[in-house]
Amino acid sequence: MTPNVLRNLFTKSATRLYPKETRETFERARGEFYNEIKDCIFCKTCARKCPSQCITVDTIEATWQYDPFACIYCGVCVENCPEKCLRQKQDYRKPSSGKEVVFMKGEIKKKKKKTEDEQS
Ligand code: SF4
Ligand code: SF4
């Protein structure tokens, strides 16, 4: 036991003082993700595909809600978003002392009227 104690006293710690000290993320790390709400069409694809059921979309109120504490950062919602408004950062989400939900309000886009050229 003594050699172990001595070795540990004079070698660098194997752990980090997170969140003060953070590790660089890997090249293809799936980190915090966000919704560019102005481009969202509230199609609910992300909510339907999410294996954790942590996304709620209200098509009437044009709201998008997400529980980051239930998210497993699988990236399925990002891959399936038809408008590509869901994006995933490389950095991980910052730690938090309380549970919070991400809530966003957008606008339902009106369908464009077909021009005479498109109708013919
Ligand atoms: S899949 Fe994309 S466009 Fe559809 S509701 Fe989700 S974030 Fe919006
Ligand atoms: S990353 Fe995965 S778990 Fe998180 S919201 Fe998207 S589909 Fe759901």
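What follows is calculated from the coordinates using simple rules that are stated; it is not laboratory data. Here the structure is a predicted model, which means the values were calculated and not measured. As a convention, Cβ positions derive from the backbone with ideal geometry for all residues, glycine included, and neighbour counts pool all protein chains shown.
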Neighbour counts of other C-beta atoms within 10 Å: give me Y34, Y18, Y66 arranged from fewest to most. Y18, Y34, Y66
Find how much the distance from R30 to M104 grows on full extension, using 0.36 nm per residue of separation minus their present alpha carbon separation; answer in nm with one decimal. 24.5 nm
Kindly provide the trypsin sites (Lys or Arg not before Pro) of the stretch 43-83 that DSSP labels as loop, not H, G, I, E or B, and whose Cβ sees at most 15 other Cβ atoms within 10 Å. K44
Along the stretch 2-19, Karplus-curve 3J(HN,Hα) (6.51, -1.76, 1.60; θ = phi - 60°) to the nearest Hz, with x for Gly and Pro, reads 4, x, 4, 4, 5, 4, 5, 5, 10, 10, 5, 4, 7, 10, 10, 8, 5, x
Just need the relative contact order of the stretch 37-108 here, percent rounded to a whole number, with Cα pairs under 8 Å and 6+ apart. 40
Just add up the charged neighbours of D58: K/R +1, D/E -1, any other residue whose Cβ is under 10 Å from the Cβ of D58. +1
Is there a quick way to get the dipole size of the chain? I mean about its Cα centre, with the Cβ of Lys and Arg at +1 and of Asp and Glu at -1; what is the value in debye to the nearest 20? 300
Over all alpha-carbon pairs of the stretch 37-108, lay out the pair-distance distribution in 10 Å bins, whole %, shortest bin first. 19, 54, 25, 1
Relative contact order computed over the chain (Cα-Cα under 8 Å; 6+ residues apart), in percent: 31
Just to verify a number: FRET efficiency for K44 and S13, C-beta to C-beta distance, R0 = 35 Å, to 0.05? 0.15
Quick check on the chain: helices-only [θ] at 222 nm, where DSSP H runs of length 4 and up contribute -39,500 (n - 2.57) each and the sum goes over total residues. Nearest 500, please. -4000 deg cm²/dmol
List the residues, sorted by chain then number, that are 5 or more residues from L86 or on another chain and whose placed amide H is less than 5 Å from its amide H. E36
Of the listed pairs K84/K109; K20/K94; K84/K105; K38/K94; K49/K94; K20/K84, which have alpha-carbon separations greater than 22 Å here? K38/K94; K49/K94; K20/K84
Along the stretch 87-93, Karplus-curve 3J(HN,Hα) (6.51, -1.76, 1.60; θ = phi - 60°) to the nearest Hz, with x for Gly and Pro, reads 9, 10, 7, 7, 7, 6, 5
Whole-Hz Karplus ³J(HN,Hα) for the stretch 66-83, in order, using 6.51 cos²θ - 1.76 cosθ + 1.60 and θ = phi - 60°, x for Gly and Pro? 9, 9, x, 7, 9, 5, 10, 6, 7, x, 4, 5, 5, 5, 9, 5, x, 8
Could you list L9, L86 in order of exposure, starting from the residue whose Cβ has the fewest other Cβ atoms within 10 Å? L9, L86
Using a 10 angstrom Cβ neighbour count of at most 16 plus a DSSP loop assignment to flag exposed GluC sites (Glu not before Pro), which longest range of the chain is free of such sites? 37-60
Going by C-beta contacts inside 10 Å, put R30, R87 in order with the fewest on the left. R87, R30
Size descriptor, Kirkwood hydrodynamic radius, that averages inverse alpha-carbon separations across the chain, Å: 17.7
